[in-house]
Amino acid sequence: MELRRHGRGYVLEDEDVLDAPIERVAPFFERPENLEAITPPFLNFSIRTPSPVPMHDGAIIDYVVRLHGLPMRWRTRIEGFVPGRAFTDVALRSPYAYWIHRHEFEPVGPGRTRVRDRVEYAPPLLPMSRPVHALFVRPTLERIFAFRRARVRALVDGSGARA
C-alpha cells in the first residue's frame, strides 16, 4: 500500500493479486452488502440502504461507521460502473472534505485477479488537519486496508465468497 500527498489532499493506492477468477472477485466487490465483512470490527460498520443494493451508475449507498463511539454517516454515489471490471464510489457525505475511491479488477492469468484500489481524499480543514492526518487518519486508513486485504483473501481466495 502506498499513501502520499496529492494535490490538496492525499492518495492511497493498494493492489493485491487473488487466487480467484475475476468472475468471482468482481461480483463480490459489486455487492455493497459485502462491505461489512471486509470492514474492521472497530468501525462498527452498518449499511443503511435496504438490501439488495443494485450496483449501477448513480446508485446511492448510505452507511454508518462508528469511530471511538462517534457515529459518522456516509452517503456514496457509484460512478463509472463497468460490470466485472471497475467502479468508483464518490462520497456525497462523509467525515472527509472529499473521498473518491476507484476499484479495478483485472485477470492476470488462469484463475487469478488483480484488485486495485485508488482513494483520493482530504480530511476536513486542510491544511490545519495535516497533523491529525499524520497522527490519526493515516494510521487508521493503513489499518483498515490491511484488514480489508486479509479479509478479502479469506473470503474470496477460498470457497467462502458471497457473490
How high is the relative contact order of the chain, in percent, with contacts defined as C-alpha pairs under 8 Å that are six or more residues apart? 27 percent
Long-range HN-HN contacts of Tyr98 with modeled amide H, under 5 Å: Ala122
Between Ala134, Ala59, Ala122, which gets the highest mean-square fluctuation from a Gaussian network model of the chain, Cα cutoff 10 Å? Ala134
Would any residue of region 105-143 have its amide N under 16 Å from a label point 7 Å out along Cα→Cβ of Glu2? List them or say none. 115-121
If one builds a Gaussian network model of the chain from Cα atoms under 10 Å apart, the most fluctuating residue listed among His103, His68, His56 is His68
Please work out the FRET efficiency for the pair Asp19 and Val132, using the Cβ-Cβ distance as r and a Förster radius of 30 Å; give the result to the nearest 0.05. 0.20
Computed over the chain: longest principal axis from alpha-carbon atoms vs helix 138-152 long axis, angle to nearest 10 degrees, is 10 degrees
Where Rh is the Kirkwood radius over Cα pairs, Rg/Rh for region 21-163: 0.96
Comparing Asp16, Asp89, Asp117 in a Gaussian network model of the chain (Cα, 10 Å), the one with the largest mean-square fluctuation is Asp16
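A short reminder: the numbers here are calculations on the coordinates, not readings from a lab. Predicted, not measured: the structure shown is a model, and the values here were computed from it. FYI the Cβ positions are ideal-geometry reconstructions off the backbone, even for glycines, and counts take in every protein chain you see.
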